[in-house]
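Undergrad: For reference, the structure I am asking about is given below.
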Amino acid sequence: MLLDTPNQHALHQARKVQLNKFSKYVKQFLTKIDPELDFESNSCPTCDRLPDAPLFTKNGGTYCYCPDCRHIFLSNPLNEEKLLEFYSNYPTSSLEWHQNESEFYRKIYSKGLALIQSIPQVKTVLDIGCSSGYFLSIAAEQGFEGFGIEPNRQEVDYAINNGINVIGSTISDLGDLTFDAITLWDVLEHIRRPVSYLQKLRSHLKPNGLIFVQVPSSDSLAARVMREACNMFDGIEHLTLFSAMSLDAAFSRAGLKCIMKQTVISEIYAIRNYLSYEVDPYLPESDSQLGLDLLEPELIESSGLGYKIQAVYSTSEL
């Protein structure tokens, strides 16, 4: 099941308002940044290797590549105070994306759920950053008992009003609760120290429990071709971009083993636009994409070059 939207023009129009608000917000936020005081130094979050020469800088953030684990990370992330300030005044929310693109999110959530459903003992699911609760509502349709963690008050209220069991704002609210599965939908790339974070999550898994993760893939064809023009690199909140190798390494250090993995979303429209010299590769597909039909979305996803990785990790070898 391919996840690229067939009507790229409609998708772009649906996202335009949110993208414009976010772009304006980033420009305003960066005017308040002190280059001497507001950044920290960082080594590879997966294997601790010190950064080599930078790949590129975007919005003040410098991305480096780790040749040991094929990980890409910000070598100068904003300090926690500034990053919290950035998130606290965020102009858009996942709730808006869910409402505007419900068909796309249903497809991508269903594809991830298919991986989880292949493990028969999974009954209870904790979704970290559950937003509007859309994923958990789809999981409930499949027979799972769902719980959510979400810090955004507006999204929490919406989720609760729609029958979602939101049990806290951060994982520190979990106490001694344990679950069959924990899901991380586009969360781990925002975490400064992913290994220690995964270790904490592991303590909230039942015996033979599992963690499902979706993250942007630094292995993806879009990231490799477009580099800083690719949306996964924002220079601010995407602190750490995993390859298939570095994702396995991070989970291994946290005591979990990969049992299945796939890539999704080819980003074929943006890649073809970029290679056709379009100023904005995320505009609807150009008419000038001559000679680029060889880039087939099915081949990109099946070759492990999709825009995002979906994977399941377990505390045991199932």
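All of the numbers you see were taken from the coordinates with simple rules; none came from a lab. What you are looking at is a predicted structure, and each value in this text was computed from that prediction instead of being measured. Cβ coordinates were reconstructed from backbone atoms using ideal geometry, including for glycine residues, and neighbour counts include every protein chain displayed.
Undergrad: What shape does segment 87-224 have by the C-alpha gyration tensor, where a ≥ b ≥ c are the square roots of the eigenvalues, rounded means a/c under 1.5, and otherwise prolate means a/b greater than b/c and oblate the rest? Working shown, then result.
TA: Details: a/c = 1.16, a/b = 1.09, b/c = 1.07.
Note, shape of segment 87-224 comes out rounded.
Undergrad: For the pair Gln121/Leu294, report the inter-label distance in nm, with labels modelled 7 Å from Cα in the Cβ direction.
TA: Each label point lies 7 Å from its Cα, and together they span 4.8 nm.
Undergrad: Between Glu103 and Gln199, what is the label-point separation in nm under the 7 Å Cα-to-beta-carbon projection?
TA: Result for the modelled spin labels: 4.6 nm.
Undergrad: Amide H of Asp219 versus every other amide H placed in the peptide plane: which residues, excluding those fewer than 5 positions away on the same chain, fall under 5 Å?
TA: It is Ala244, by chain and number.
Undergrad: Please work out how much length the chain gains when fully extended from Leu275 to Ser172, using 0.36 nm per residue of separation minus the C-alpha to C-alpha distance, in nm with one decimal. All intermediate terms of the calculation are to be shown ahead of the outcome.
TA: Numbers: separation 103, 0.36 × 103 = 37.08 nm, distance 4.55 nm.
Going from the current span to full extension adds 32.5 nm.
Undergrad: Using +1 on the beta carbon of Lys and Arg, -1 on that of Asp and Glu, and nothing else charged, what's the dipole of the chain about the Cα centre, debye to 20? Walk me through the numbers on the way to the answer.
TA: Values: 27 positive and 40 negative charges, 71 e Å.
It comes to approximately 340 debye.
Undergrad: So if R0 is 25 Å, what FRET efficiency would Asp48 and Lys257 give, r being the distance between their Cβ atoms, rounded to the nearest 0.05?
TA: Details: r = 21 Å, r/R0 = 0.83.
Taking R0 as 25 Å, the efficiency between Asp48 and Lys257 is 0.75.
Undergrad: Please list, ordered by chain and number, the residues whose modelled amide H lies under 5 Å from the amide H of Thr183; skip anything fewer than 5 residues away on the same chain.
TA: Residues meeting the criterion, in which the H sits 1.01 Å from N, are Leu126, Asp127, Ile128, Phe212.
Undergrad: In nm², what is the average projected area of the convex hull enclosing the Cα atoms of segment 186-318? Display every interim value, and only then the final one.
TA: Numbers: hull surface 34.2 nm².
For segment 186-318, averaging the hull's shadow over all directions gives 8.6 nm².
Undergrad: Of the chain, which part is the longest with no GluC sites (Glu not before Pro) in a loop (DSSP not H, G, I, E, B) and with at most 15 other C-beta atoms within 10 angstrom? Numbers along the way, then the final one.
TA: On the way: sites that count: Glu36, Glu40, Glu317.
Between the exposed loop sites, the longest stretch runs 41-316.
Undergrad: Something else: For segment 119-161, what log10 I(q)/I(0) values come out of the Debye formula at q = 0.34 1/Å, with one point per alpha carbon and no solvent?
TA: -1.20
Undergrad: Expressed as a rounded percentage, what relative contact order does the chain have, with Cα pairs under 8 Å and six or more residues apart? Working shown, then result.
TA: On the way: 585 pairs, mean separation 62.2, N = 318.
It comes to 20 percent, rounded to a whole number.
Undergrad: Over the Cα atoms of the chain, each weighted equally, I'd like the Debye log10 I(q)/I(0) at q = 0.09, 0.15, 0.16 Å⁻¹, rounded to two decimals.
TA: For the chain, the Cα-only Debye profile gives -0.46, -1.41, -1.62.
Undergrad: Let me ask another. Given the convex hull of the Cα atoms of segment 139-205, what is a quarter of its surface area in nm²? Intermediate values should be presented prior to the final figure.
TA: Details: hull surface 20.0 nm².
Over all viewing directions, segment 139-205 projects a mean Cα-hull area of 5.0 nm².
Undergrad: Determine the gain in length on full extension of the stretch Gln142-Phe56; use 0.36 nm per residue of separation and subtract their C-alpha separation, reporting nm with one decimal.
TA: Details: separation 86, 0.36 × 86 = 30.96 nm, distance 4.32 nm.
So the extension gain works out to 26.6 nm.
Undergrad: Exceeding 28 Å between C-alpha atoms, which entries from my cross-link table qualify? They are Lys24/Lys107; Lys58/Lys261; Lys24/Lys200; Lys16/Lys58.
TA: Numbers: Lys24/Lys107 30 Å; Lys58/Lys261 30 Å; Lys24/Lys200 35 Å; Lys16/Lys58 21 Å.
From the list (Lys24/Lys107; Lys58/Lys261; Lys24/Lys200; Lys16/Lys58), the Cα-Cα distance tops 28 Å for Lys24/Lys107; Lys58/Lys261; Lys24/Lys200.
Undergrad: Then there is this: Once the Cβ-Cβ distance between Asn161 and Glu36 is put in as r, and R0 is 30 Å, what FRET efficiency do you end up with, to the nearest 0.05?
TA: Details: r = 45 Å, r/R0 = 1.51.
My answer for the efficiency is 0.10.
Undergrad: In whole percent, what relative contact order does segment 1-158 give with Cα contacts below 8 Å and a gap of six or more residues?
TA: Working: 162 pairs, mean separation 27.5, N = 158.
Computed value for segment 1-158: 17 percent relative contact order.
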